[in-house]
Amino acid sequence: MNYETLIGNFASIIYEALPFIVLGVIIAGLLEEFVPQQAIAKIIPGNRVLAIMLGALLGIIFPMCECGIIVVMRRLLRKGLPLSVCVSYVLCGPVINVVVLTSTYVAFNFPDEKTWILGGPLGVAALRAGLAYIVAVVTAVVVERAFRKHGNRLLSPLVTRGLRNPNDSDDNNDKEQAKRTWLDRLNNITQTALNDFVDIMAFLVLGAALAVGGRLILSGSNFERMIEDNVAVAILLMMGIAILFCLCSEADAFVASNFAPIWPPASKLAFLVLGPMLDIKLYLMYTRVFRTRLIFTIITCVVLQVFVYCMIVHYFAQLTGVFTPVSAPSQ
């Protein structure tokens, strides 16, 4: 891999993420200006598990790439959305949206049905969405238990600074907002968006640089012997590749579909599920919202679940043949 390729890979990560970060900071600025603090907390269901399950589906309504969703989540936290609900949205939102699932369907819709995996493009998209939803909900429930024990100590000071008690009245703040002119509001939106953009971009650039280094290491490796007849190793390797490659969730399916057939289908599924939830740039962005304790709680829950669920999919497919296309010869 030459220097031109390294620079090209670095630039591609930045270019893929940049439009979504810009969209994210604009939405964050609008949330900061127009949504009263703690307003969202008053409309979510009282049952926290139900709230988490609904939060994981927010991506259907608010489709957002994983790069831009971090900024939006930070503002939603400040507006009173519970931490666990935010986590379920952040983990699942970049997968459960129309754009990502459509791109997944197209990427795995091979002309020759005999080369289909996991029952074909619809099966891949359904499994990706289903596993992402389960992983997000279970992880968010664990986060909820941690939050009840540790409270706001799990959050970065950048998030908790200036927060008020959820029971405090917003009357005084509403009166102050009413007195502000549209020029004042526009200035506040712009300032908030700019601050968030500068804050997140620094970590995106660092994450992209680390990802390029990881790709360089992987380019000189030969995994074929390691994954032969060992699906567990293949899944773990593909999860590592997902973390290092830092691909946008709207484009990663095309990369996964072009991996050699020697890679088991379950390993490609692991790549599709884990990538939007955890990669190097996302880890660095998480540090602007979460404390280290919470970050590693999320990482542990996500990694273990993706590995276990993909192993289950692999052995279930082998035992039942349910994911074998009708037109494909039985293995």
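The values are calculated or read from the model by the stated rules, or taken from the named source; none is laboratory data. None of the values given here were measured: they were computed from a predicted structure. Neighbour counts run over all protein chains shown; Cβ positions are idealised from the backbone, glycine included.
Quick notes
- Leu282 being at pLDDT 90 or above, surrounded by 14 or more Cβ atoms within 10 Å (Cβ to Cβ) and under 21 Å from the mean Cα position of the chain (by Cα): no
- When each of Val99, Val49, Val22 is tested for being at pLDDT 75 or above, in a helix (DSSP H, G or I) and either small (Gly, Ala, Ser) or more than 17 Å from Ile134 (Cα to Cα) (or both), the lone residue that passes is Val99.
- Among the residues making up segment 101-123, those that are touching a Ser or Thr at 6+ places or on another chain (Cβ under 6 Å) and crowded, with 18+ Cβ neighbours inside 10 Å are Ala107, Phe108.
- Scanning segment 252-271 for residues that are under 15 Å from the mean Cα position of the chain (by Cα) and over 14 Å from Ala234 (Cα atoms) turns up Asp252, Ala253.
- From Ile96, Ile134, residue being closer than 24 Å to Ile295 by Cβ and surrounded by fewer than 17 Cβ atoms within 10 Å (Cβ to Cβ): Ile134
- Residues considered: Ala266, Ala256. Of these, the only one that is assigned to a helix (DSSP H, G or I), farther than 30 Å from Ser156 by Cβ and in contact with a Lys or Arg (Cβ under 8 Å, 6 or more places away or on another chain) is Ala256.
- Of all residue pairs spaced 6 or more apart or on separate chains, those with beta-carbon atoms under 8 Å, a first member in segment 295-321 that is in a helix (DSSP H, G or I) and a second member that is at pLDDT below 95 and exposed (fewer than 15 other Cβ atoms within 10 Å of the Cβ) are Ile295/Thr287; Phe316/Val322.
- Single residue of segment 57-116 satisfying the filter (in contact (Cβ under 8 Å) with a residue 24 or more places away in the chain and of a type in the set (Asp, Glu)) that is farthest from Ile243 (Cα to Cα): Glu113
For (1) at pLDDT 70 or above; (2) buried (at least 23 other Cβ atoms within 10 Å of the Cβ), each residue gets a yes or a no:
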residue	(1), (2)
Met1	no, no
Ala11	yes, no
Glu32	no, no
Val71	yes, yes
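- Matching residues, segment 74-96, being assigned to a helix (DSSP H, G or I) and closer than 25 Å to Ala126 by Cβ: Val85, Val87, Ser88, Tyr89, Val90, Leu91, Cys92
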